[in-house]
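Chemist: This is the structure I want to talk about, given as structure tokens.
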Amino acid sequence: MALADDFQAVLDSLPPDWTQMELDLRIFDEDRYVEGATLLVQINAMPYSEHDWHWRLRVAHEFGHAAAPETVHGTLALLDEQRIKGELELREARTGRVEVTQMWGRPESVRREFRERRAQ
């Protein structure tokens, strides 16, 4: 199965209120490590040292300090296009957390739009 398809399967398995997940990525042909790393820099993949997995990927659903799911999917699709084979492993998924945003001093229109976007 392609890496992008594996990632989509992981996304589909998560509950709707997931907020963040961490995945490990390993490529099968280590001679293509540098080629893969040049693509994975787009999603700030963190390389492991002295580990059997190559990178840790952090993904944020709607907010947070991580890559967006759409960007991760697109980057993994680029690996698939380059025929860089590998595997993904879901390490952690967090659910049920909400974003805290200071609303003091903001106009009512901003507050209303914020509530509407977060109610979806």
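Chemist: From the set of residues in the range 2-30 that are modelled with pLDDT of 90 or more, out of contact with any strand residue (DSSP E or B) (no Cβ under 9 Å at 6 or more places or on another chain) and charged (D, E, K, R), which is surrounded by the fewest Cβ atoms within 10 Å (Cβ to Cβ)?
Modeler: Restricting to residues being modelled with pLDDT of 90 or more, out of contact with any strand residue (DSSP E or B) (no Cβ under 9 Å at 6 or more places or on another chain) and charged (D, E, K, R), the top hit is D12.
Chemist: Moving to a separate point now. Of the conditions (1) surrounded by fewer than 16 Cβ atoms within 10 Å (Cβ to Cβ); (2) within 26 Å of L25 (Cβ to Cβ), R111 clears all except one; give me its number.
Modeler: Just one mismatch for R111, condition (2).
Chemist: Just to be sure before I move on: is R118 surrounded by 11 or more Cβ atoms within 10 Å (Cβ to Cβ), within 30 Å of V34 (Cβ to Cβ) and among the charged types (D, E, K, R) in the structure I sent?
Modeler: Working: surrounded by 11 or more Cβ atoms within 10 Å (Cβ to Cβ): yes; within 30 Å of V34 (Cβ to Cβ): no; among the charged types (D, E, K, R): yes.
So R118 does not fit the description; no.
Chemist: Additional query: Quick check on the range 80-100: of everything there that is closer than 14 Å to L57 by Cβ and among the charged types (D, E, K, R), which residue is farthest from the chain's Cα centre (by Cα)?
Modeler: Checked the range 80-100; the qualifying residue farthest from the chain's Cα centre (by Cα) is E87.
Chemist: Select, from A60, A77, the only residue that is surrounded by 14 or more Cβ atoms within 10 Å (Cβ to Cβ) and within 11 Å of the chain's Cα centre (by Cα).
Modeler: On the way: A77 fails: within 11 Å of the chain's Cα centre (by Cα).
A60 is the lone residue from the list that is surrounded by 14 or more Cβ atoms within 10 Å (Cβ to Cβ) and within 11 Å of the chain's Cα centre (by Cα).
Chemist: Here is a list: W104, W53. Which entry is free of Cβ contacts under 8 Å to residues at least 40 places away in the same chain and either touching a helix residue (DSSP H, G or I) at 6+ places or on another chain (Cβ under 7 Å) or surrounded by 14 or more Cβ atoms within 10 Å (Cβ to Cβ) (or both)?
Modeler: W53
Chemist: Continuing with this model, one more query. Take the residues of the range 78-120 that are at pLDDT 85 or above and β-branched (V, I, T): which is nearest to S13 (Cα to Cα)?
Modeler: Only one residue fits best here, namely T95.
Chemist: Given the condition at pLDDT below 95, among the polar types (S, T, N, Q), under 24 Å from W18 (Cβ atoms) and in a strand (DSSP E or B), answer yes or no: does some residue in the range 43-53 qualify?
Modeler: Taking every residue of the range 43-53 in turn, none turns out to be at pLDDT below 95, among the polar types (S, T, N, Q), under 24 Å from W18 (Cβ atoms) and in a strand (DSSP E or B).
Chemist: Could you tell me which numbered condition D12 fails, if it satisfies all but one of (1) farther than 22 Å from R117 by Cβ; (2) acidic (D, E); (3) touching a residue at least 40 places away in the same chain (Cβ under 8 Å)?
Modeler: With (1) farther than 22 Å from R117 by Cβ; (2) acidic (D, E); (3) touching a residue at least 40 places away in the same chain (Cβ under 8 Å) applied to D12, the lone miss is (3).
Chemist: When the range 80-93 is examined, which residues are found to be surrounded by 15 or more Cβ atoms within 10 Å (Cβ to Cβ) and either free of Cβ contacts under 8 Å to residues at least 24 places away in the same chain or assigned to a strand (DSSP E or B) (or both)?
Modeler: Once the filter is applied, which keeps residues that are surrounded by 15 or more Cβ atoms within 10 Å (Cβ to Cβ) and either free of Cβ contacts under 8 Å to residues at least 24 places away in the same chain or assigned to a strand (DSSP E or B) (or both), the range 80-93 yields G86, L88, L90, A93.
Chemist: Condition check: surrounded by fewer than 17 Cβ atoms within 10 Å (Cβ to Cβ), touching a strand residue (DSSP E or B) at 6+ places or on another chain (Cβ under 7 Å) and of a type in the set (A, V, I, L, M, F, W, C). Does M46 satisfy that?
Modeler: Considered against the rule, which asks whether it is surrounded by fewer than 17 Cβ atoms within 10 Å (Cβ to Cβ), touching a strand residue (DSSP E or B) at 6+ places or on another chain (Cβ under 7 Å) and of a type in the set (A, V, I, L, M, F, W, C), M46 comes out as yes.
Chemist: Next question. So which of G96, G36 ends up being of a type in the set (G, A, S) and surrounded by fewer than 14 Cβ atoms within 10 Å (Cβ to Cβ)?
Modeler: Only one candidate qualifies: G96.
The values are calculated or read from the model by the stated rules, or taken from the named source; none is laboratory data. Remember, it's a predicted structure, so these values are computed and weren't measured experimentally. All Cβ positions, even for glycine, are placed from backbone atoms using ideal geometry, and neighbour counts span all protein chains on display.
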